[in-house]
Amino acid sequence: MSSLGQRADEDSVLVRWGLVAASLALAVVIFLLPLAAVFTEALRRGVAPALSAILEEDAQAAMGLTLLVAAIAVPVNTVGGLAAAWAIAKFDFAGKRLLITLIELPFSVSPVISGLVYVLLFGAQGYFGPWLRAHDIQIIFALPGLVLATIFVTFPFVARTLVPLMQEQGRGEEEAAATLGAGGWQIFRRITLPNVRWALISGVLLCNARAMGEFGAVSVVSGHIRGQTNTLPLHVEILYNEYMFVGAFAVASLLALLGLVTLAAKALLEAFAGRRVRAAA
Amino acid sequence: MTVEIEDVVRRFGATAALEGVSLSLRAGEFVALLGPSGSGKTTLLRILAGLDFPDSGRVCIAGADVAQVPARRRGVGVVFQSYALFRHMTVFENVAFGLRVRPRRFRPGNADILRRVRELLELVQIPELAQRYPDQVSGGQRQRVALARALAIEPQLLLLDEPFGALDALVRKDVRRWLRGLHERLGITSLLITHDQEEAMELADRVAILERGRVVQFDTPSAVTTRPATPFVAGFLGDATRLEGHVAEGLLRLPRLPQALLRVALADGPATVFLRPRDVAVTPANGDVADAIIRHASAAPDAHTRCVVEVNGVQLDAVATDGAGCMVRGAACMVTIRGALVFAAVGPGMMAEAVPAGSGLRQ
């Protein structure tokens with residue numbers, strides 16, 4: 001029997017090509033076509049209408065708000081994610097497993113629910129509503145609510161990228177640094193941070209992409225006040241609901257571009273980090 | 001610098017890693033801490049380094065109690081088992097680290113750091129590797145980097161945690177001698193953690209043997225080898241074969257080796273017996289008379305060949321003497337038990353001597 005004499009991987013060529021073709025086809029249909037459609041629809045009537053939709057006042061306000069929310073949420077989650085990952089990877093403490101599970105919570109809970117929780121807490125009828133109103137603090141339907149919801153939804157990105165890497169790296173280098181006379185901050189800045197810098201940047205980029213693109217949680221707490229509490233994704237929805245397809249797709253293209261730039265930056269980083277590792281090997 | 005460890009206890013949950021360890025190191029001494037894995041060696045090292053703290057007991061380095069002193073203020077150099085080199089720094093920066101993180105007042109200038117690191121790299125004989133990264137150098141070179149890095153802080157005490165574990169056998173022997181030579185030159189009080197008795201015997205001035213969180217013997221290598229304090233030490237050192245025996249009227253008998261008859265100054269009762277290779281003499285079969293089979297013979301080209309013989313189903317490590325070196329696996333041979341190390345239920349080991357043939361006691 002000739003088939004018995006074949007090498008194990010020889011008869012799998014067909015299977016291999018089949019798998020590659022199938023995943024490529026899937027990628028094209030699921031990822032590439034919709035993306036292409038967004039840009040095509042945006043430019044259906046030419047560049048001018050698309051541009052004017054983007055430059056229109058409410059769109060500009062939405063863009064500003066989106067950037068502002070990301071500018072607050074991303075640094076907060078970077079610091080928080082680093083702290084959480086550092087604690088999980090380098091120390092043993094009671095409740096460590098609980099913390100690991102909690103970090104995953106935003107991924108497992110629907111964003112709409114997390115938005116609703118904030119309404120329940122800080123809304124006019126919420127637990128802290130009367131107190132907040134008495135002190136003239138507005139959280140829901142205002143910037144603080146948007147930021148809170150975004151922080152909640154995007155928290156896992158930095159922590160989840162760092163935890164496995166830091167756990168794998170262990171505490172050996174930190175302990176060695178301590179015996180050499182380094183203090184806590186010196187150890188963090190000179191040893192821990194440089195060892196995770198590529199993963200950290202990659203996590204921050206993903207966190208940023210999600211912070212700018214978040215819809216569900218933000219939609220619940222936003223109140224959709226045009227020019228005030230509308231972020232880019234919410235603006236896309238409004239335009240679409242008002243049958244302003246070119247405008248909707250033009251703004252969506254802007255969002256998609258932000259995502260593509262993030263992906264490209266991440267890929268570049270990984271290529272650069274990979275080259276550094278190979279050069280060192 | 002002297003080191004005093006007094007009655008140190010360290011528990012992790014219900015399990016005790018150290019149960020009252022006391023040790024004292026003289027200034028400039030090279031001490032090996034020898035024990036099987038799980039005996040608490042690394043815990044003791046971490047406590048000395050300031051990476052862990054005892055539940056009770058005292059640790060004094062150079063006469064000062066270091067209970068409240070964190071690792072970074074101890075001035076204790078550590079060569080970690082896995083070396084723990086900083087992977088994102090060059091060899092040069094690894095060695096320079098201890099100088100760069102000093103408080104500004106004590107920090108040497110750049111030119112000074114450059115000079116000191118060069119000296120250290122010369123000392124460990126790898127000056128050409130300064131600009132490489134840790135993953136670009138071999139295991140033996142990494143160990144030298146780790147040592148240079150630990151020496152850079154001019155430690156008063158040097159701790160070495162299984163520093164030869166990651167090296168292949170050939171390199172290991174060289175590095176061992178080199179390290180001992182370096183210790184003679186620098187004179188830093190050193191504590192070597194190891195589970196390899198050969199390593200401990202060759203390197204150390206004194207050897208502390210750790211068994212389940214206790215020091216069972218602390219003495220010179222020769223004393224530890226010739227007068228082991230407990231059956232554990234005897235079993236741990238050398239390739240001794242452990243057998244059960246019985247002492248009656250000053251004579252030791254081994255049920256599994258009826259041909260052995262030994263004289264020993266112990267009270268009547270059961271005994272634990274260790275037959276070390278030098279206690280078992282192997283000679284070629286005398287014509288048809290043979291009572292053992294060679295199971296394994298090492299090809300060492302010296303007069304005394306190590307081998308494993310099987311007698312009555314018992315395998316013994318032995319030394320084949322006088323022309324027995326040519327014996328090969330499966331060959332028939334004669335075995336004589338010349339002596340043994342015997343432990344009664346309590347008390348230190350006693351040497352037993354063979355009763356000469358024809359003394360009337362042989363059956």
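The values are calculated or read from the model by the stated rules, or taken from the named source; none is laboratory data. Just so it is clear, the model here is predicted, and its values are computed rather than measured. Ideal geometry is used to build each Cβ from the backbone, glycine not excepted, and the neighbour counts take in all protein chains shown.
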If a residue has to be over 30 Å from B:LEU167 (Cβ atoms), within 12 Å of chain A (Cβ to nearest Cβ) and surrounded by 14 or more Cβ atoms within 10 Å (Cβ to Cβ) to count, how many in region B:71-116 make the cut?
1
Kindly check whether there is at least one residue in region B:119-142 that is within 26 Å of B:MET1 (Cα to Cα), out of contact with any Gly (no Cβ under 9 Å at 6 or more places or on another chain) and within 11 Å of chain A (Cβ to nearest Cβ).
no
Among B:GLY323, B:GLY313, B:GLY330, which is of a type outside the set (A, V, I, L, M, F, W, C), at pLDDT below 80 and more than 21 Å from B:ARG227 (Cα to Cα)?
B:GLY323
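Could you tell me whether B:ARG116 is over 21 Å from B:VAL3 (Cβ atoms), out of contact with any Ser or Thr (no Cβ under 8 Å at 6 or more places or on another chain) and at pLDDT 90 or above?
yes
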Mind checking whether some residue in region A:153-168 is away from chain B (no Cβ under 14 Å), part of a loop (DSSP other than H, G, I, E, B) and closer than 28 Å to A:ALA70 by Cα?
yes
Any pair with Cβ under 6 angstrom, 6 or more apart, that starts in region B:1-19 at a residue that is charged (D, E, K, R) and ends at one that is crowded, with 16+ Cβ neighbours inside 10 Å and not in a strand (DSSP E or B)
B:ARG10/B:THR43; B:ARG10/B:PRO54; B:GLU19/B:GLY213
Among the residues of region B:173-207, write down those that are part of a strand (DSSP E or B) and either among the aromatic types (Phe, Trp, Tyr) or more than 21 Å from B:SER82 (Cα to Cα) (or both).
B:THR189, B:ARG206, B:VAL207
Quick count over region A:176-189, residues being at negative phi and surrounded by 21 or more Cβ atoms within 10 Å (Cβ to Cβ), is 7
Output yes when any residue across region A:126-134 is surrounded by 23 or more Cβ atoms within 10 Å (Cβ to Cβ) and either more than 30 Å from B:ALA150 (Cβ to Cβ) or at pLDDT 90 or above (or both), and no when none is.
no
Restricting attention to region B:53-69, the residues that are touching a strand residue (DSSP E or B) at 6+ places or on another chain (Cβ under 7 Å), within 14 Å of another protein chain (Cβ to nearest Cβ) and more than 10 Å from B:VAL3 (Cα to Cα) number exactly 1
